[in-house]
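> I am attaching a structure below and will ask some questions about it afterwards.
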Amino acid sequence: MLNLTGRPAVMVKAPFDTAITEICRKRPEVVVLSADLALYTDLFTVPRELPGQFVQVGVAEQNLMGVAGGLAKSGCIPVATTFAVYAVRRAYDHMVISMGTGPSRGVVVGFLPGILNPLRVHHQTLEDVAKLRSVPGACIIDPMDATELIDAVHASIDHPSLVYIRAERGMVPKLLNRGETAFAIGRVYPLRSEGDGGVGILSSGVATRWALEASVILQSRDIAHSILHVPSLKPCDTAAIAQFCAGRRLAITVENHSIIGGLGSLVAETLAGSSRHAPLVRMGIPDAWAPGGSVDHIRRQLSLDAESIARNIMELL
Amino acid sequence: MNAPGKCDIAELKETARKIRKTVIRMSIERGGFAGQGLALADVMAVLYRSELRLQNSPPDRLVLSVGHNAMAVYAALAEIGVYGHDELTSYSAEGSRIEQVPMEDTPGFEITNGSLGQGLSQAAGMALAHKRRSEDTRIVCLSSDGEIQEGSVWESVMFAAHYRLDNLVMIVDDNDMQVDGSTSDVMCVRPILPKFTAFGWNGAVVAGDDYEGLLRAFEQSRSSAGRPFVIVLQTELCAGVRSLARFSRRHFIRAPLSTWNLALRELDGGDIREALAAEREMPADDGLP
């Protein structure tokens, strides 16, 4: 994996732990919750060093969201952590009703979204963005690397509504330097601009890394292309998306999510309201349960590896 | 700990009578979950006139977990001036903020209701927050025998015991009724108290109109060191209004004006014997909201 300047990306250990520890040390009203997955969601320091700002609920994701909602209604800012799949499947109603109707608010961090989990359907969530996008007021952030994850967690704390962050754990690549991209909820980020025509690639989350890998191959074949990174799926600067796509030969979305309801749908909905836009092709998890295994293996199975993405783009031209 | 306000039982009963009258007035235009509202009038009077220390800082809080029981809470809130009695008659009207099922931003209510099994979790979260800040604030959560069929309730029952939330009281309105019939028939939850004590709670079983028992149970809950406290409140829909007894198996009540007027007359101490005989001949509604 290369960073944006073409050098090998640094791997950063447990960026969520870094972010949430920084926040908890400064903000005593922030309380982090886990449903027996603290050790699997990079929640190491707060439980040990700031136990008064940690709540363990055991294997009980519905109660996780409910207790978080109660804390939110008592002067705390709750950050509920679990695997993405449990947040949006098992505890979805509780997240929306207990944490998402306002005026109180909270943050949910869903780890290992999409195909980042090696286990199949029961651990992978293909639909979390689709479900959250239709919740009024909800905010969805899909960070591309360790730096953006840290920035997203910081930005979520004072956001005035339910925030859902898709998160990676363990050793996470760092492509951006902190403070370099000025992450803000709602913004989009051009990562490569090569004219207004050619191919326009829109991506979010770890799929932005997949797009950058494919970009190396496209550059070697002299395929003109630009990349727009969309970490904030809601709210989102859709005017910037429409402008990015206008006049292009082809628009491609790449996402670690079902092609239904996520970034691909967001871009399609945006372009449907625009009079001048490129044909759109959505790349992501097809409407079928994904296989299990390593991320690289699953990507190859789903034609989401760099070679397949680049080849499919070239075949479309 | 600040003691709750003292109020003699005659005063509490008078408050309950007013709450019942308000519930009836709220039901006249568009019907309502009046059976539950009437059944809970006594405990609401005890809560809002005696047990909840609303002047505390931060004040004690009632978390309504069964949203359909909101009528009793609205009516009690009118007794302490949160709502005007006139406004409450817009209950369930389109555009009115007096909704059948309140939201978090509805004055006097703490959470968004309507999806069962979420109130106790939130009440426990509140109790934990206050406890960790060493605040003398108590949380009372109003639930029901039907609601505790939700599995998530038991996640929070376990949680409250684990965190030794002795500033948390749960009231289970045990009226043996739910939408599809008797709780005993639909999905039996009895015995209720032993389930809670097995999870590490303390508790008591009290008849819905037993004021001394209620006051005693709340008193016990304040000395339940290290354990949350459950009050299994045995009630009957429409309790306290004999002229509505024929609706006592109705989840939702819609009735002609004469029926509601008769109930009001009864609550004002009027003679209803003759009118009641005629009333009993009338068919009951289908009970659907």
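The values are calculated or read from the model by the stated rules, or taken from the named source; none is laboratory data. Just so you know, these numbers come straight off a predicted model, no measurement behind them. Because the Cβ atoms are built from the backbone with ideal geometry, glycine has one as well, and the counts that use them run over all protein chains shown.
> For B:GLU104, indicate whether it is surrounded by fewer than 22 Cβ atoms within 10 Å (Cβ to Cβ), free of Cβ contacts under 8 Å to residues at least 40 places away in the same chain, under 24 Å from B:ASN175 (Cα atoms) and within 14 Å of chain A (Cβ to nearest Cβ). Walk me through how you get there before you give the answer.
Numbers: surrounded by fewer than 22 Cβ atoms within 10 Å (Cβ to Cβ): yes; free of Cβ contacts under 8 Å to residues at least 40 places away in the same chain: yes; under 24 Å from B:ASN175 (Cα atoms): no; within 14 Å of chain A (Cβ to nearest Cβ): yes.
Considered against the rule, which asks whether it is surrounded by fewer than 22 Cβ atoms within 10 Å (Cβ to Cβ), free of Cβ contacts under 8 Å to residues at least 40 places away in the same chain, under 24 Å from B:ASN175 (Cα atoms) and within 14 Å of chain A (Cβ to nearest Cβ), B:GLU104 comes out as no.
> From the residues in the stretch B:114-127 that are touching a Leu at 6+ places or on another chain (Cβ under 8 Å) and within 7 Å of chain A (Cβ to nearest Cβ), which one is surrounded by the fewest Cβ atoms within 10 Å (Cβ to Cβ)? Quick ask: steps written out before the conclusion?
Residues of the stretch B:114-127 that are touching a Leu at 6+ places or on another chain (Cβ under 8 Å), as a first pass: B:119, B:123-127.
If we keep only those that are within 7 Å of chain A (Cβ to nearest Cβ) as well, we get B:123-126.
Values: B:ALA123: 33, B:ALA124: 33, B:GLY125: 36, B:MET126: 31.
Residue satisfying both the conditions and the ranking: B:MET126.
Each row is one residue, and each column tells you yes or no for (1) closer than 19 Å to A:GLY110 by Cβ; (2) in contact with a Leu (Cβ under 9 Å, 6 or more places away or on another chain).
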site	(1), (2)
A:ILE185	yes, no
A:TYR189	no, yes
A:VAL206	yes, yes
A:LEU218	no, no
A:SER226	no, yes
A:ALA239	no, no
A:ASN256	yes, yes
A:GLY273	no, no
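> So if I check each of A:HIS159, A:HIS225, A:HIS154, which one is over 16 Å from the mean Cα position of the chain (by Cα) and under 27 Å from A:SER98 (Cβ atoms)? Before the answer, list the steps.
Working: A:HIS225 fails: under 27 Å from A:SER98 (Cβ atoms); A:HIS154 fails: over 16 Å from the mean Cα position of the chain (by Cα).
Answer to the check: A:HIS159.
> Could you list, in sequence order, all residues of the stretch A:53-71 that are among the aliphatic types (A, V, I, L, M) and more than 8 Å from chain B (Cβ to nearest Cβ)?
Within the stretch A:53-71, the subset among the aliphatic types (A, V, I, L, M) is A:55, A:57, A:59-60, A:64-65, A:67-68, A:71.
Residues satisfying the conditions are A:VAL59, A:LEU64.
> Considering only the stretch A:203-213, I want to know if a residue exists there that is hydrophobic (A, V, I, L, M, F, W, C), surrounded by fewer than 23 Cβ atoms within 10 Å (Cβ to Cβ) and either more than 19 Å from A:VAL129 (Cβ to Cβ) or free of Cβ contacts under 8 Å to residues at least 12 places away in the same chain (or both).
no
> Would you check if A:GLY75 is at pLDDT below 95 and within 7 Å of chain B (Cβ to nearest Cβ)?
Values: at pLDDT below 95: no; within 7 Å of chain B (Cβ to nearest Cβ): yes.
Criteria not met by A:GLY75.
> Where in the stretch A:1-98 are there strands (runs of 3 or more DSSP E), lying fully within it, with 3 or more residues that are surrounded by fewer than 24 Cβ atoms within 10 Å (Cβ to Cβ)? I'd like the intermediate steps shown before the answer.
Details: elements: A:10-13, A:30-34, A:54-56, A:77-83.
Per the criteria, A:10-13.
> Given the criteria touching a residue at least 60 places away in the same chain (Cβ under 8 Å), surrounded by 17 or more Cβ atoms within 10 Å (Cβ to Cβ), in a loop (DSSP other than H, G, I, E, B) and of a type outside the set (Gly, Ala, Ser), does B:LEU237 qualify?
Details: touching a residue at least 60 places away in the same chain (Cβ under 8 Å): yes; surrounded by 17 or more Cβ atoms within 10 Å (Cβ to Cβ): yes; in a loop (DSSP other than H, G, I, E, B): yes; of a type outside the set (Gly, Ala, Ser): yes.
Judged against the criteria, B:LEU237 is a match.
> Between B:LEU244, B:LEU276, which is within 30 Å of B:LEU142 (Cα to Cα) and either in contact with a helix residue (DSSP H, G or I) (Cβ under 6 Å, 6 or more places away or on another chain) or crowded, with 22+ Cβ neighbours inside 10 Å (or both)?
Values: B:LEU276 fails: within 30 Å of B:LEU142 (Cα to Cα).
Of the residues listed, the single one that is within 30 Å of B:LEU142 (Cα to Cα) and either in contact with a helix residue (DSSP H, G or I) (Cβ under 6 Å, 6 or more places away or on another chain) or crowded, with 22+ Cβ neighbours inside 10 Å (or both) is B:LEU244.
> Please go through the stretch A:171-204 and give me each residue that is of a type in the set (A, V, I, L, M, F, W, C) and in a loop (DSSP other than H, G, I, E, B), ordered by number. Lay out the reasoning, then the answer.
To start, the set of residues in the stretch A:171-204 that are of a type in the set (A, V, I, L, M, F, W, C) comprises A:171-172, A:175-176, A:182-185, A:188, A:191, A:199, A:201-202.
Hits for the stretch A:171-204 are A:LEU175, A:LEU176, A:ALA182, A:PHE183, A:ALA184, A:ILE185, A:VAL188.
> Regarding the stretch B:154-169, can at least one residue be identified that is closer than 30 Å to B:CYS238 by Cβ, of a type outside the set (Ser, Thr, Tyr), in contact with a helix residue (DSSP H, G or I) (Cβ under 6 Å, 6 or more places away or on another chain) and more than 13 Å from every other protein chain (Cβ to nearest Cβ)?
Checked against the condition, which is being closer than 30 Å to B:CYS238 by Cβ, of a type outside the set (Ser, Thr, Tyr), in contact with a helix residue (DSSP H, G or I) (Cβ under 6 Å, 6 or more places away or on another chain) and more than 13 Å from every other protein chain (Cβ to nearest Cβ), the stretch B:154-169 yields at least one hit.
> Hey, any hits in the stretch A:102-115 for a residue that's at pLDDT 95 or above, within 14 Å of another protein chain (Cβ to nearest Cβ) and assigned to a helix (DSSP H, G or I)?
No, every residue in the stretch A:102-115 fails to be at pLDDT 95 or above, within 14 Å of another protein chain (Cβ to nearest Cβ) and assigned to a helix (DSSP H, G or I).
> Across the stretch B:131-145, which residue is surrounded by the fewest Cβ atoms within 10 Å (Cβ to Cβ) among those that are farther than 14 Å from B:LEU62 by Cα and either in contact (Cβ under 8 Å) with a residue 12 or more places away in the chain or more than 7 Å from chain A (Cβ to nearest Cβ) (or both)? I'd like the intermediate steps shown before the answer.
Restricting attention to the stretch B:131-145, the residues satisfying the condition of being farther than 14 Å from B:LEU62 by Cα are B:131-136, B:144-145.
Filter again for either in contact (Cβ under 8 Å) with a residue 12 or more places away in the chain or more than 7 Å from chain A (Cβ to nearest Cβ) (or both), leaving B:131, B:133-136, B:144-145.
Details: B:LYS131: 18, B:ARG133: 15, B:SER134: 6, B:GLU135: 15, B:ASP136: 14, B:SER144: 25, B:ASP145: 26.
The extreme case among them is B:SER134.
> Here is a further query. What residue, of A:ILE313, A:ILE309, A:ILE252, A:ILE260, is crowded, with 22+ Cβ neighbours inside 10 Å and under 18 Å from the mean Cα position of the chain (by Cα)?
Numbers: A:ILE313 fails: under 18 Å from the mean Cα position of the chain (by Cα); A:ILE309 fails: under 18 Å from the mean Cα position of the chain (by Cα); A:ILE260 fails: crowded, with 22+ Cβ neighbours inside 10 Å.
Exactly one of A:ILE313, A:ILE309, A:ILE252, A:ILE260 is crowded, with 22+ Cβ neighbours inside 10 Å and under 18 Å from the mean Cα position of the chain (by Cα), namely A:ILE252.
> Conditions: (1) out of contact with any Asp or Glu (no Cβ under 6 Å at 6 or more places or on another chain); (2) of a type in the set (A, V, I, L, M); (3) within 10 Å of chain A (Cβ to nearest Cβ). B:VAL63 meets all but one. Number of the miss?
It fails just one condition, (1).
> I've got another one for you. What is the residue count in the stretch B:164-223 for residues that are polar (S, T, N, Q), buried (at least 16 other Cβ atoms within 10 Å of the Cβ) and more than 16 Å from the chain's Cα centre (by Cα)?
To start, the set of residues in the stretch B:164-223 that are polar (S, T, N, Q) comprises B:167, B:175, B:178, B:182-184, B:197, B:202, B:220-221, B:223.
Now narrow it down to the ones that are buried (at least 16 other Cβ atoms within 10 Å of the Cβ): B:167, B:175, B:178, B:183, B:202, B:221.
Filter once more, so that each one left must be more than 16 Å from the chain's Cα centre (by Cα): B:167, B:183, B:202, B:221.
Adding up the residues that qualify gives 4.
> So A:ARG89 passes all but one of these: (1) closer than 23 Å to A:SER294 by Cα; (2) within 9 Å of another protein chain (Cβ to nearest Cβ); (3) of a type in the set (D, E, K, R). Which condition number does it fail?
Result: A:ARG89 fails condition (2) only.
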